[in-house]
Amino acid sequence: MKNITKIGVFILLSIFTFTACDSDSSVSPFSTDEESALLDFMFLATADDSTGTTTNRNHGWRGGKKCNVTEVEVADLPAAITDYITANYAGATANRAGTLENGNYVVKITKADATHAGLVFDANGVFVEEKTGKSGSRGTEVAVADLPTTVTAYITANYAGATIKKAITNDEGKFLLIVQKADETYVGVGFEADGTFISEVTKRNKGSKSKG
């Protein structure tokens, strides 16, 4: 595993929860954009379903999972996905995209009203669901000392020698953490407002998928 330099985090959080994922892949060396990407995927990993249309949760991200996500260039998304966004989110911009281990796509967008949302598509580019916080806001940084003891105790028990580098709370009270492990790799860890573990997100190097 490569060493990771310690640099500041420019945040945009992210909320969803993965399915059918492994958790043994190392994170690539971080740049500011890499850290921002990890928080974006955390936003996608912890958000709530805002469409009310999802019937099969196995298409989305579920809590209590440790998962890998591979970043994909927005320009490399299948045409079915970009066409859907254009048709259904007028004026929106796709900021970040990735694939889960089950082949599903996740895309973070900024809507025309400047709020953020995450979209889940299946491996064929068919829309599954939208995820968003109550207001679609980015959240607020929290001092590590102010985190609930259930959160810090979980990190201590499950990440020996780790350091919490960044902590954010969203408008639902959930906590999103950037954690530097003892081997100097980074993971994103999400918790409910009561400190219950939601998910661990490990970001893989940016990849490319052919357009459909």
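Nothing in this text is a laboratory measurement; each read-out follows from the coordinates by a stated rule. Source: prediction; values computed, not measured. As a convention, Cβ positions derive from the backbone with ideal geometry for all residues, glycine included, and neighbour counts pool all protein chains shown.
Summary of values
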| read-out | value |
| --- | --- |
| Identity of the residue in segment 91-128, within 15 Å of the chain's Cα centre (by Cα) and charged (D, E, K, R), that ends up farthest from Ser36 (Cα to Cα) | Glu101 |
| First in segment 101-130 and without any contact (Cβ under 8 Å) to a residue 24 or more places away in the chain, second anywhere and in a strand (DSSP E or B), Cβ under 6 Å, 6 or more apart | Thr110/Thr93; Thr110/Asn95; Thr110/His116 |
| Selection count, segment 161-176, where residues are touching a residue at least 60 places away in the same chain (Cβ under 8 Å) and assigned to a strand (DSSP E or B) | 4 |
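Listed here are the residues, each with its yes/no results for (1) surrounded by fewer than 23 Cβ atoms within 10 Å (Cβ to Cβ); (2) at positive phi.
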{"residue": "Glu172", "(1), (2)": "yes, no"}
{"residue": "Val179", "(1), (2)": "yes, no"}
{"residue": "Asp183", "(1), (2)": "yes, no"}
{"residue": "Glu192", "(1), (2)": "yes, no"}
{"residue": "Gly195", "(1), (2)": "yes, yes"}
{"residue": "Ile198", "(1), (2)": "no, no"}
{"residue": "Val201", "(1), (2)": "no, no"}
